[in-house]
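Engineer: This is the structure I want to talk about, given as structure tokens.
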Amino acid sequence: MLTTAKPLFAAGTPLAARIALALAAIALTGVSAPAWSETHQFQMTIEEGEKEIAPGFSAKVWAYNGQVPGPLIRVEEGDTVEVELTNMTTLAHTIHWHGTYQTGTWRNDGVPDVTQQAVQPGDSFTYKFVADKPGSLWYHCHVNVPEHVGLRGMWGPMIVDPKEPVAIENEVTKEAILMFSGWNEDVAQTFGKGGHPTEKLSYFSINGQSFPNTQPLRVKEGDVLRLRLYATGIETAFHLHGHDMLVTHKDGLPLDSPFWADVVDINQGERYDVIVRMDNPGRWIAHDHIEHHVSNNGKVPGGAVMIVEYDSIEDDDWYVWKDKSYDPNFYYTQSLAEGSGLFNHKGFEVRKIENDKSSDRGRSRGRSQSN
């Protein structure tokens, strides 16, 4: 993490004055980012692998940094993001930074044959842009989106913290990211197939796992919980039992009129942030309320299901997850508490499939492009 410049103003300077000073600095020096921003330099790969989605069902995936979902990227509004991407797979890919405006940096939008040539196997490409839109954003491949994003796990979250958060954001004590997607068992083992609009999805997941392979979200009474909900590959109707949710943000930006809901409808690509006051101790299921999304190839219970566990409630002998091996970062909760950076998570790693591109990374990194 590198600081691009020293602040031109003292602490407490009004925002309007800070912006005026920053614009003056840009006019004089040509600096493209605000004077108070930081530059974050990250390296990312795309690797071929296989991931177990549900008991007895696995799918071949293209994995950012060898994991599905991809690593969390978190920066502050106005920061510069520089990502060197190396393609270690056997097909072409990109990164599209979904939600980022790319003001003045349109060639970094990640759309093949429009803003760039796709990154070929063995090649690298460097993206560089200012994080000019705050909130719950994400990134994904923009090559053959119906397959690469819809069926192969090529997506991950990017959080851009606003310079001026709304009041309720300052009350949050715990955060979680839920990314909803679907899978087709008929093409799961064959790269380059799938994504046809008439095909049937047979498995549904949160953060790349179908129940019972998902994880509990553990809370304590009094927590103010922020859920960042992403419909990455499927439309979703998210429902949390025992609580109402205050819907505060859509696609990263705060709503002028937040509203209460117990089901939140999310179209493909959309994100909603909800705030939940954890004031009703118990064990509560949370799930997609599109009914066939809570099955594993027709078998229930399964699919896009998690359980919210209050820490004051003891497990019963018959509880489905009584002996669950717990991953406290399954919803990126630990990573979200770490501030800015790129955060890999071992629990999301896939079983790698070796090929001549992944074994020759040094050669491929020598053919880097950038825009």
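Engineer: Looking at Asp311, is it in the same structural domain as Ile285 (by TED's automatic domain parsing), exposed (fewer than 13 other Cβ atoms within 10 Å of the Cβ) and under 20 Å from His243 (Cβ atoms)? I'd like the intermediate steps shown before the answer.
Structural biologist: On the way: in the same structural domain as Ile285 (by TED's automatic domain parsing): yes; exposed (fewer than 13 other Cβ atoms within 10 Å of the Cβ): yes; under 20 Å from His243 (Cβ atoms): yes.
So Asp311 fits the description; yes.
Engineer: Against the definition (at pLDDT below 95 and open to solvent by 60 Å² or more (accessible area, probe 1.4 Å)), how does Glu354 come out, yes or no? Walk me through how you get there before you give the answer.
Structural biologist: Numbers: at pLDDT below 95: yes; open to solvent by 60 Å² or more (accessible area, probe 1.4 Å): yes.
Yes; evaluated as a whole, the condition is true for this residue.
A quick yes/no check of all residues on (1) farther than 24 Å from Ala59 by Cα; (2) among the charged types (D, E, K, R); (3) not in a loop (DSSP other than H, G, I, E, B); (4) not assigned by TED's automatic domain parsing to the domain that holds Thr80:
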{"residue": "Val143", "(1), (2), (3), (4)": "no, no, no, no"}
{"residue": "Met179", "(1), (2), (3), (4)": "no, no, yes, yes"}
{"residue": "Thr190", "(1), (2), (3), (4)": "no, no, no, yes"}
{"residue": "Lys200", "(1), (2), (3), (4)": "no, yes, no, yes"}
{"residue": "Asn213", "(1), (2), (3), (4)": "no, no, no, yes"}
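Engineer: Mind telling me which of the residues Thr126, Thr100, Thr115, Thr105 ends up being at pLDDT 95 or above and within 26 Å of Pro258 (Cβ to Cβ)? I'd like the intermediate steps shown before the answer.
Structural biologist: On the way: Thr126 fails: within 26 Å of Pro258 (Cβ to Cβ); Thr115 fails: within 26 Å of Pro258 (Cβ to Cβ); Thr105 fails: within 26 Å of Pro258 (Cβ to Cβ).
Matching residue, one of Thr126, Thr100, Thr115, Thr105: Thr100.
Engineer: Within the group Gly156, Gly192, which residue is out of contact with any strand residue (DSSP E or B) (no Cβ under 9 Å at 6 or more places or on another chain) and in contact (Cβ under 8 Å) with a residue 24 or more places away in the chain?
Structural biologist: On the way: Gly156 fails: out of contact with any strand residue (DSSP E or B) (no Cβ under 9 Å at 6 or more places or on another chain).
Result: Gly192 is the single residue among Gly156, Gly192 that is out of contact with any strand residue (DSSP E or B) (no Cβ under 9 Å at 6 or more places or on another chain) and in contact (Cβ under 8 Å) with a residue 24 or more places away in the chain.
Engineer: For residues in region 44-58 being more than 26 Å from Gly302 (Cβ to Cβ) and in contact with a Lys or Arg (Cβ under 8 Å, 6 or more places away or on another chain), which is surrounded by the fewest Cβ atoms within 10 Å (Cβ to Cβ)? Reasoning before the result, please.
Structural biologist: Residues of region 44-58 that are more than 26 Å from Gly302 (Cβ to Cβ), as a first pass: 44-48.
With in contact with a Lys or Arg (Cβ under 8 Å, 6 or more places away or on another chain) added as a condition, the list becomes 45, 47-48.
Working: Thr45: 20, Glu47: 24, Glu48: 22.
Across region 44-58, the extreme among qualifying residues is Thr45.
Here is a yes/no grid of residues against (1) part of a strand (DSSP E or B); (2) in contact with a His (Cβ under 9 Å, 6 or more places away or on another chain); (3) open to solvent by less than 40 Å² (accessible area, probe 1.4 Å):
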{"residue": "Phe42", "(1), (2), (3)": "yes, no, yes"}
{"residue": "Lys60", "(1), (2), (3)": "yes, no, no"}
{"residue": "Ile73", "(1), (2), (3)": "yes, yes, yes"}
{"residue": "Gln102", "(1), (2), (3)": "no, no, yes"}
{"residue": "Gly110", "(1), (2), (3)": "no, yes, yes"}
{"residue": "Tyr127", "(1), (2), (3)": "yes, no, yes"}
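Engineer: Follow-up. Exactly one of these conditions fails for Leu253: (1) out of contact with any Pro (no Cβ under 8 Å at 6 or more places or on another chain); (2) at pLDDT 95 or above; (3) open to solvent by 50 Å² or more (accessible area, probe 1.4 Å). Give me its number.
Structural biologist: (1)
Engineer: Follow-up question, since we're still on this one. Residues that are of a type in the set (A, V, I, L, M), farther than 27 Å from Val350 by Cα and open to solvent by 10 Å² or more (accessible area, probe 1.4 Å): does region 134-156 have at least one?
Structural biologist: Within region 134-156 (the criterion being of a type in the set (A, V, I, L, M), farther than 27 Å from Val350 by Cα and open to solvent by 10 Å² or more (accessible area, probe 1.4 Å)), the answer is no, since none of the residues qualifies.
Engineer: Taking the condition of being buried (at least 22 other Cβ atoms within 10 Å of the Cβ) and among the charged types (D, E, K, R), how many residues in region 197-238 meet it?
Structural biologist: Final tally of qualifying residues: 2.
Engineer: A further question on this structure: Let me confirm something: among Asp317, Asp323, which residue is open to solvent by 20 Å² or more (accessible area, probe 1.4 Å) and at pLDDT 95 or above?
Structural biologist: Working: Asp323 fails: at pLDDT 95 or above.
Just a single option satisfies the conditions, and that option is Asp317.
Engineer: How many residues does region 293-315 contain that are free of Cβ contacts under 8 Å to residues at least 60 places away in the same chain and closer than 28 Å to Glu52 by Cβ? Explain how you work it out, then say what you get.
Structural biologist: Looking only at region 293-315, we keep the residues that are free of Cβ contacts under 8 Å to residues at least 60 places away in the same chain, and these are 299-300, 313-315.
Restricting the remaining residues to those that are closer than 28 Å to Glu52 by Cβ gives 299-300, 315.
Here the count works out to 3.
Engineer: State whether one or more residues within region 328-345 are touching a Gly at 6+ places or on another chain (Cβ under 7 Å) and acidic (Asp, Glu). Can you show your working first?
Structural biologist: As a first pass, look at region 328-345 and keep what is touching a Gly at 6+ places or on another chain (Cβ under 7 Å): 329-330.
With the extra rule that they be acidic (Asp, Glu), the set shrinks to none.
Within region 328-345 (the criterion being touching a Gly at 6+ places or on another chain (Cβ under 7 Å) and acidic (Asp, Glu)), the answer is no, since none of the residues qualifies.
Engineer: Of a type outside the set (Gly, Ala, Ser) and crowded, with 24+ Cβ neighbours inside 10 Å: is that true of Thr173 in this structure? Don't jump to the end; show me each part of the working.
Structural biologist: Working: of a type outside the set (Gly, Ala, Ser): yes; crowded, with 24+ Cβ neighbours inside 10 Å: no.
No: the conditions fail for Thr173.
Engineer: For region 103-139, give me each residue that is β-branched (Val, Ile, Thr) and in contact with a strand residue (DSSP E or B) (Cβ under 8 Å, 6 or more places away or on another chain).
Structural biologist: Residues satisfying the conditions are Thr103, Thr105, Val111, Val119, Thr126, Val130.
The values are calculated or read from the model by the stated rules, or taken from the named source; none is laboratory data. The shown structure was predicted, so the numbers you read here are calculated from the model rather than taken from an experiment. Note that we place each Cβ from the backbone using ideal geometry, even for glycine, and neighbour counts take in every protein chain shown. Protein only, heavy atoms only, side chains kept; ligands, DNA and RNA dropped before computing areas. Shrake-Rupley method; radii C 1.70, N 1.55, O 1.52, S 1.80 Å.
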